[in-house]
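Peer 1: Take a look at this one; I'll ask things after.
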Amino acid sequence: MIVVMSPEASESQIKEISERLEKQGFKIHLSEGEQRTLLGVIGQPRENLAETLEAIPVVEKVVPISRPYKMASREFKPEDTVVDLGGGVQVGGEKLVIMAGPCAVEGEEQMMEVAHEIKKSGAHAIRGGAFKPRTSPYSFQGMEIEGLKILEKVNRETGLPTVTEVVDPHTVHEAASYSDVLQVGTRNMQNFYLLKELGNVSRPVLLKRGMSATIEEWLMAAEYIMSGGNENVILCERGIRTFEKATRNTLDLSAVAVAKQQSHLPVIVDPSHGTGHWHLVPAMSKAAVAAGADGLLIEVHPRPEEAVSDGPQSLNPEKFNTLMKDLKEVAACVGRKM
Ligand code: PEP
Ligand code: MN
């Protein structure tokens, strides 16, 4: 529930109520607005708690949170969350954040080459999978720890924050020691042990929507990470399973608008997995920005025809550069900077 303090409440009165609730075993999340302070109260409220609190003169009202997710909901925290990726890059503010790079880390040369290219075009972070959860056990499974070390080197050389996928709770801490942002892939969105482990690290988590998950299930997955102590979650729409076969997935751009309405967390879009075809990526990238996305995750490979995974949906650096220029114009139309 949310305790709405009256505009007259003093700092010490707010502190006193917070401490009283904490003593009763609740976790308190403070939101200081221009007019009022809100106390988000996390925990199972006992009977009559709301009435007891409402009897305090400096408490304006107590509002129950209607959604099953609490910390992730906009009711709980009305203002947008801005997630810091490191290197001066922040997602969820006025500035759009473009993360780009190959599906998989294939080697140091490949990563350095693409990092310099995307940086020249204005990208803000580099992606690359070191652990690859593939549909087939015979497909390339990733360079694993070697891949993480390459990402760390790329970050040192270019300053670009790195984004990489984690697939197993046992490697979360090791991955966090090498990479700036930890990605949860679509296949693991409801791997609750992985989500719980991610609650224990301080690195931001890029949480992809499960390919068959509802928006509510996606936000519940965010709640797992946040309730574990890590509030730095970035939501990523990457397409869902439908009957349509012309695209690899159906990119659900309405989910961007819904998630932005129901949650304070930043929402980004992955048009590469969302469509499966490089030639559809520019149109859907522009549409995502127009729909209110806070950023994009785009697969870019120096030579897509040689990529070990997801070549058909990867842009080459030249096409990525053109897209970045076009995105600036769309961003300006919807009041965003790049
Ligand atoms: C990826 O980002 O390369 C990836 C595997 O994505 P997803 O989990 O969305 O399929
Ligand atoms: Mn991929």
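Peer 1: Residue under question is His301, and the condition is that it be surrounded by fewer than 20 Cβ atoms within 10 Å (Cβ to Cβ) and of a type outside the set (Val, Ile, Thr); does it hold?
Peer 2: no
Peer 1: Return only the number of the condition from (1) acidic (Asp, Glu); (2) touching a residue at least 12 places away in the same chain (Cβ under 8 Å); (3) assigned to a loop (DSSP other than H, G, I, E, B) that Glu299 does not satisfy.
Peer 2: If we test Glu299 against (1) acidic (Asp, Glu); (2) touching a residue at least 12 places away in the same chain (Cβ under 8 Å); (3) assigned to a loop (DSSP other than H, G, I, E, B), just (3) comes out false.
Peer 1: Only one residue in Lys70, Lys77, Lys120, Lys132 is part of a loop (DSSP other than H, G, I, E, B) and in contact with a helix residue (DSSP H, G or I) (Cβ under 8 Å, 6 or more places away or on another chain), so which one is that?
Peer 2: Just a single option satisfies the conditions, and that option is Lys70.
Peer 1: For the stretch 125-157, how many residues meet the condition of being open to solvent by 10 Å² or more (accessible area, probe 1.4 Å) and either more than 16 Å from ligand 1 (Cβ to nearest atom) or β-branched (Val, Ile, Thr) (or both)?
Peer 2: So the count comes out to 11.
Peer 1: May I ask you to say which residue of Lys245, Lys337, Lys286 is open to solvent by 20 Å² or more (accessible area, probe 1.4 Å) and in contact with a Lys or Arg (Cβ under 6 Å, 6 or more places away or on another chain)?
Peer 2: When all the criteria are applied, what remains is Lys337.
Peer 1: Moving on. Assigned by TED's automatic domain parsing to the domain that holds Ser227 and either open to solvent by 20 Å² or more (accessible area, probe 1.4 Å) or more than 16 Å from ligand 1 (Cβ to nearest atom) (or both): which single residue out of Gly25, Gly122, Gly101, Gly43 fits that description?
Peer 2: That would be Gly122, the only listed residue that is assigned by TED's automatic domain parsing to the domain that holds Ser227 and either open to solvent by 20 Å² or more (accessible area, probe 1.4 Å) or more than 16 Å from ligand 1 (Cβ to nearest atom) (or both).
Peer 1: Taking the criterion of being among the small types (Gly, Ala, Ser) and in a helix (DSSP H, G or I), would at least one residue in the stretch 141-154 satisfy it?
Peer 2: For the stretch 141-154, residues among the small types (Gly, Ala, Ser) and in a helix (DSSP H, G or I): present.
Peer 1: Give the number of residues within the stretch 240-270 that are within 15 Å of the chain's Cα centre (by Cα), farther than 20 Å from Val166 by Cβ and assigned to a loop (DSSP other than H, G, I, E, B).
Peer 2: Of the residues in the stretch 240-270, 1 are within 15 Å of the chain's Cα centre (by Cα), farther than 20 Å from Val166 by Cβ and assigned to a loop (DSSP other than H, G, I, E, B).
Peer 1: If you don't mind, another one. Conditions first: (1) in contact with an Asp or Glu (Cβ under 8 Å, 6 or more places away or on another chain); (2) more than 14 Å from ligand 1 (Cβ to nearest atom); (3) open to solvent by 60 Å² or more (accessible area, probe 1.4 Å). Glu318 passes all but one, so which condition is the exception?
Peer 2: The single condition Glu318 does not satisfy is (1).
Peer 1: Step by step: first the residues of the stretch 257-298, then only those that are polar (S, T, N, Q) and touching a strand residue (DSSP E or B) at 6+ places or on another chain (Cβ under 7 Å), then the one that is nearest to ligand 1 (Cβ to nearest atom). Which residue is that?
Peer 2: Checking each candidate, the answer is Ser272.
Peer 1: Here's another thing I want to ask about it. Which residues, taken from the stretch 88-115, are out of contact with any Leu (no Cβ under 7 Å at 6 or more places or on another chain), under 29 Å from Gly228 (Cβ atoms) and part of a loop (DSSP other than H, G, I, E, B)?
Peer 2: Gly88, Gly92, Gly93, Leu96, Cys103, listed by residue number.
Peer 1: Out of the stretch 162-197, which residues are closer than 24 Å to Glu217 by Cα, assigned to a loop (DSSP other than H, G, I, E, B) and among the charged types (D, E, K, R)?
Peer 2: Asp168 - this is the single residue of the stretch 162-197 that is closer than 24 Å to Glu217 by Cα, assigned to a loop (DSSP other than H, G, I, E, B) and among the charged types (D, E, K, R).
Peer 1: Also: Closer than 30 Å to Lys337 by Cβ, assigned to a loop (DSSP other than H, G, I, E, B) and open to solvent by 30 Å² or more (accessible area, probe 1.4 Å), is that true of Ser202?
Peer 2: Yes: the conditions hold for Ser202.
The values are calculated or read from the model by the stated rules, or taken from the named source; none is laboratory data. Bear in mind the structure is a predicted one, so any value in this text is a computation, not a measurement. Every residue, glycine as well, gets a Cβ built from its backbone with ideal geometry; the counts of neighbours run over all protein chains shown. These accessible areas exclude ligands, DNA and RNA; they are computed on the full protein's heavy atoms, side chains included. Shrake-Rupley method; radii C 1.70, N 1.55, O 1.52, S 1.80 Å.
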